[in-house]
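Right, one structure below, let's go through it.
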Amino acid sequence: MSLGIVRDWLPVTAELSLPLLTATGARPGPVFAVTAGVHGDEYEGVRAIFEVFETIDTAALAGTVIAVPVVNPPAHWAVQRTSPVDGANLARVFPGNPDGTLSEQIAAVLAREVIGRADFYLDLHSGGVRYAMPSMAGYASFDGRGRAAAEAFGAPVIWGHPVIEPGRTISSARDRGIPFLYVEAWGAGRIAPADLAMMRRGVFNLLRHLDMLPGEPEIPAPPRRLSGVGNTDDGLAAGVDGFLLLEVALLDRVAAGQRLGRLVDLLGNTLETYSAPRAGTIALTHEMPIVRKGDTLFLLADEE
Ligand SMILES: [Zn+2]
């Protein structure tokens, strides 16, 4: 085990603790916090954090990297986006409540002990089991520090949001004045090697960007730049249960009124058809064909 690496547990309740990894650099500097597994069916960031902690050179590091590789252990072990304990989407309950439900207690501890300690905060997500998302870094377009970090991360797509909705890890960072990024990846319940490489490289790129490690960020190619709100709760949703036939792919540019897909029953009869409410770029698809009423099926972004 390399010098300066500590693997410990951060207590939430008597029964639940969060895994907490700390890499202390040989020189003083900022605190960089990174988390994954806010949603229990997202794995790319979990593995990326493990790999970062296996390879980081603490002798060259200025400052401290703190990481929680699995923020939501109950959802992680249940292989589901939301908590099996209280049904909550952890990304809607921040800044949490120390006297609330288990998800609210997790949020309160994370906000206080991890995000609140950070000079920069990174939250790693993906499409999970049901959705597909572009491999991307998302930032608040009203904060120049976020845009600069998104460019330095080195993702194939960056997405600037004029609004950060409440309840997120990143909204609790914003409320504390802490610069942040979030990252998405393909998902589908697997770890795509390119997404793992993007996240691992991206963490080291941010540490270079923040002058915590020597050298310049490695940017493989200029990114595609998206804009718009990007709230997955506001996408085109299913009105009934059904089997989804997608007619578009992630990052396709679509015209207003263009057909995006349809939902069928078990005879193949069409239940609902979906078309683009406006021109835009497909920024989320419900990749899992089994759809429940209310599920978000498509989300549109704008090209910058
Ligand atoms: Zn997520």
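Brief remarks on what is shown
- Test: residue in the range 187-196 that is assigned to a helix (DSSP H, G or I), crowded, with 24+ Cβ neighbours inside 10 Å and within 14 Å of the ligand (Cβ to nearest atom): yes
- Residue count for the range 26-42, restricted to those that are away from the ligand (no atom under 11 Å from the Cβ) and crowded, with 22+ Cβ neighbours inside 10 Å: 3.
- Taking residues in the range 157-184 that are at pLDDT below 95, and partners anywhere that are among the aromatic types (Phe, Trp, Tyr) and surrounded by fewer than 22 Cβ atoms within 10 Å (Cβ to Cβ), the pairs with Cβ atoms closer than 8 Å and at least 6 places apart or on different chains are PRO162/PHE142.
- Taken as a whole, the range 51-70 holds at least one residue that is in contact with a His (Cβ under 9 Å, 6 or more places away or on another chain) and closer than 29 Å to THR101 by Cα.
- Qualifying residue in the range 62-85 (condition: under 19 Å from ARG201 (Cα atoms), part of a loop (DSSP other than H, G, I, E, B) and within 16 Å of the ligand (Cβ to nearest atom)): yes
- Of all residues in the range 126-153, those being under 29 Å from GLY29 (Cα atoms) and either surrounded by fewer than 24 Cβ atoms within 10 Å (Cβ to Cβ) or of a type in the set (Ser, Thr, Tyr) (or both) number 11.
- Residue ID - nearest to ALA150 (Cα to Cα), chosen from residues in the range 88-111 that are within 16 Å of the ligand (Cβ to nearest atom) and part of a loop (DSSP other than H, G, I, E, B): PHE94
- Selection over the range 112-148 of residues that are in a loop (DSSP other than H, G, I, E, B), within 16 Å of the ligand (Cβ to nearest atom) and among the hydrophobic types (A, V, I, L, M, F, W, C) gives a count of 2.
- Of all residues in the range 199-224, those satisfying the criterion of being under 13 Å from PHE153 (Cα atoms), touching a Gly at 6+ places or on another chain (Cβ under 7 Å) and of a type outside the set (Val, Ile, Thr) are MET199, ARG201, GLY202, ASN205, ARG208, PRO217, GLU218, PRO220.
- Take the conditions (1) among the hydroxyl-bearing types (Ser, Thr, Tyr); (2) at pLDDT 95 or above; (3) away from the ligand (no atom under 15 Å from the Cβ); SER2 misses just one of them, which is (2).
The values are calculated or read from the model by the stated rules, or taken from the named source; none is laboratory data. Predicted, not measured: the structure shown is a model, and the values here were computed from it. All Cβ positions, glycine included, derive from the backbone under ideal geometry; neighbour counts span all protein chains shown.
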